[in-house]
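Step one of this worksheet: look at the structure below.
The values are calculated or read from the model by the stated rules, or taken from the named source; none is laboratory data. Quick caveat, the model's predicted, so the values are computed rather than measured. In this analysis, Cβ positions are derived from the backbone assuming ideal geometry, glycine residues included, and neighbour counts consider all displayed protein chains. Surface areas here come from the heavy atoms of the whole protein model, side chains and all, with no ligands, DNA or RNA. Shrake-Rupley method; radii C 1.70, N 1.55, O 1.52, S 1.80 Å.
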Amino acid sequence: MKVSISAVTLAAALAIGLASRGSAHQETAGNLKIGHPWIREAAAGAPSTYACIIEIENDGDEPETLLGATVDGAGTGVLYQIIEKDGKFSSTIVEHGLLIKPHGSIELAPTTYQFKFGKITKALNEDTMVDGTLVFEKLHSVPIHFMVEADDTAPKEDAAPAQGSMHSDHAM
């Protein structure tokens, strides 16, 4: 069989493109399809980072609740809702998790929801995968892989006002 050089080159380019940063991956846990979980790159010893998920679809007949996440080298992440008011951003802990309705879906975009992680114990290098888990109410701890990305699309939180607010003390 004869294969032209251009066909081989095209196949190689497609393979490289599919494996490159930003290519979405999907994981499955029970009736849930977890679309492209990712975490922002961070150096070992960095004070924090965050993770997001493009989408979680629930193909089941029962609701499920997303409660938390862990990432190897970043520990346990706390789920925060990002709040924008008058062009200023703050965040608040999502106390009871995010409900994923039967045959429904949720998105955890950097501008709406984030898992925030504290002190980073090992480098999270761009274009690599890192082991982690998502914690659900019914499925409990589900092993997944987070893609490490150099994303900087998340809003930056403004300094907390002197009076009480919903602002978090956790920096991004």
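Find the strands (runs of 3 or more DSSP E) located wholly in the stretch 47-100 whose residues include 1 or more that are open to solvent by less than 10 Å² (accessible area, probe 1.4 Å) and under 21 Å from residue 146 (Cα atoms), and list them.
Counting at least 1 such residues, we get 49-58, 64-71, 75-85, 98-100.
Across the stretch 148-172, what is the total count of residues that are at pLDDT 65 or above and touching a Pro at 6+ places or on another chain (Cβ under 7 Å)?
Qualifying residue count, the stretch 148-172: 2.
Is it the case that the stretch 11-23 has a residue that's modelled with pLDDT of 90 or more and of a type in the set (Ser, Thr, Tyr)?
Within the stretch 11-23, none of the residues are modelled with pLDDT of 90 or more and of a type in the set (Ser, Thr, Tyr).
Could you please let me know if residue 139 is touching a residue at least 24 places away in the same chain (Cβ under 8 Å) and either open to solvent by 30 Å² or more (accessible area, probe 1.4 Å) or in contact with a Leu (Cβ under 9 Å, 6 or more places away or on another chain) (or both)?
yes
Given (1) touching a His at 6+ places or on another chain (Cβ under 7 Å); (2) open to solvent by 70 Å² or more (accessible area, probe 1.4 Å), where does residue 116 come up short, assuming only one miss?
Of everything listed in (1) touching a His at 6+ places or on another chain (Cβ under 7 Å); (2) open to solvent by 70 Å² or more (accessible area, probe 1.4 Å), residue 116 misses just condition (2).
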